[in-house]
């Protein structure tokens with residue numbers, strides 16, 4: 001265990017409720033950053049402690065630095081070739097010790113990772129309430145995505161408060177028997193993070209994209225790394241990408257390849273040394289969102305990209321059998337195409353050939369957020385803790401309005 005700050009320094013101030021947050025992976029850091037920033041703006045009223053499990057060490061650190069977040073406690077759980085069961089045990093054990101010493105008034109977790117489930121279970125054992133950010137997403141297939149679908153379902157059972165990103169996710173929680181009083185529709189915090197980074201200056205120089213010839217080219221951005229895609233599915237996705245480049249002479253492909261050796265091996269074996277296909281390493285989030293902004297079309301099996309692409313009004317083809325984020329499909333801004341090469345090529349070619357079809361996929365309203373989800377979550381915490389602690393330090397009572405089915409930018 002690596003601790004940046006000794007936990008013995010945390011003497012509890014009973015006039016200022018203590019909110020702990022746990023972050024393990026790059027997507028968690030991106031989506032938790034707006035909440036951390038909003039909490040720190042209210043530091044006179046709420047104490048914030050950021051705990052990094054570092055489930056993914058390098059990719060997590062990159063995002064934390066970008067959002068200027070230094071964890072107060074770093075558990076550094078990542079090990080080479082770690083298995084899911086080993087990781088779950090380490091997260092649960094170390095979080096149990098940490099929470100027992102810190103005794104926060106609430107633990108916030110985000111999403112559906114092993115860090116989320118392990119931390120929520122540790123909080124339950126210590127009778128600490130859990131607030132689940134991005135609650136209520138469901139694919140209803142426990143193997144897709146794996147293991148995330150089970151992680152989020154189990155976290156729902158353990159959580160006291162459910163911060164649902166959309167009306168659909170709220171409805172799914174209600175169908176499972178979650179009390180309506182314990183659900184708040186907030187929008188997705190990834191939209192907050194995206195807006196924040198897009199407002200910062202960006203230069204292509206000194207990035208991995210610097211030498212990619214983008215002028216007078218249409219950019220096809222690809223991300224594919226999910227565990228359930230490994231093997232034949234990922235190979236078929238790569239074959240479809242190769243076919244698209246052969247068919248469209250103005251098309252270039254940029255594929256930031258995940259660090260996992262299985263993904264690296266397949267991507268480089270099928271697509272390496274292919275003209276107009278550029279395989280890069282993982283991009284920092286700031287560079288990645290500006291690449292999304294420049295792209296003509298996006299193919300992904302990522303969860304976060306399914307929310308970011310509609311925010312940027314980029315047509316999206318989802319490389320999965322099903323998705324727990326159907327709102328973009330309902331808004332006409334995305335399609336699920338799976339991993340069959342012929343269907344991927346067919347749907348991508350349709351959008352590359354037909355300006356009308358393309359335009360129809362960028363007209364919809366963004367269903368995922370308006371950029372204020374983090375503020376809604378923190379205002380709820382202030383309202384809740386002020387009541388529970390009878391504190392007079394916060395008298396603001398900004399009403400929470402349910403987030404509508406769609407937002408305009």
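See the values below:
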item	result
Selection within the stretch 324-369 - touching a residue at least 60 places away in the same chain (Cβ under 8 Å), crowded, with 20+ Cβ neighbours inside 10 Å and closer than 19 Å to residue 312 by Cβ	325, 327, 348, 352, 366, 367, 368, 369
Residue in the stretch 76-85 that is more than 24 Å from residue 9 (Cβ to Cβ), outside any loop (DSSP other than H, G, I, E, B) and outside the structural domain of residue 324 (by TED's automatic domain parsing) present	yes
For residue 328: the one exception among (1) touching a helix residue (DSSP H, G or I) at 6+ places or on another chain (Cβ under 6 Å); (2) under 24 Å from residue 59 (Cα atoms); (3) at pLDDT below 95	(2)
Condition check for residue 119: within 20 Å of residue 325 (Cα to Cα), in a helix (DSSP H, G or I), in contact (Cβ under 8 Å) with a residue 12 or more places away in the chain and within 18 Å of the chain's Cα centre (by Cα)	no
Top-ranked residue in the stretch 45-100 [being under 29 Å from residue 198 (Cα atoms) and free of Cβ contacts under 8 Å to residues at least 12 places away in the same chain; ranked as surrounded by the fewest Cβ atoms within 10 Å (Cβ to Cβ)]	68
Residues of the stretch 160-178 classified as touching a helix residue (DSSP H, G or I) at 6+ places or on another chain (Cβ under 9 Å), part of a loop (DSSP other than H, G, I, E, B) and surrounded by fewer than 24 Cβ atoms within 10 Å (Cβ to Cβ), total	3
Selection count where residues are assigned to a strand (DSSP E or B) and crowded, with 19+ Cβ neighbours inside 10 Å, scope the stretch 280-314	4
Answer from 234, 184 - the residue that is closer than 24 Å to residue 325 by Cα, in contact (Cβ under 8 Å) with a residue 40 or more places away in the chain, under 20 Å from the mean Cα position of the chain (by Cα) and not in a loop (DSSP other than H, G, I, E, B)	184
Qualifying residue in the stretch 13-31 (condition: in contact (Cβ under 8 Å) with a residue 60 or more places away in the chain, surrounded by fewer than 16 Cβ atoms within 10 Å (Cβ to Cβ) and over 19 Å from the mean Cα position of the chain (by Cα))	yes
Meets criteria (more than 24 Å from residue 88 (Cα to Cα) and part of a helix (DSSP H, G or I)) for residue 60	no
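The values are calculated or read from the model by the stated rules, or taken from the named source; none is laboratory data. What you are looking at is a predicted structure, and each value in this text was computed from that prediction instead of being measured. Note that we place each Cβ from the backbone using ideal geometry, even for glycine, and neighbour counts take in every protein chain shown.
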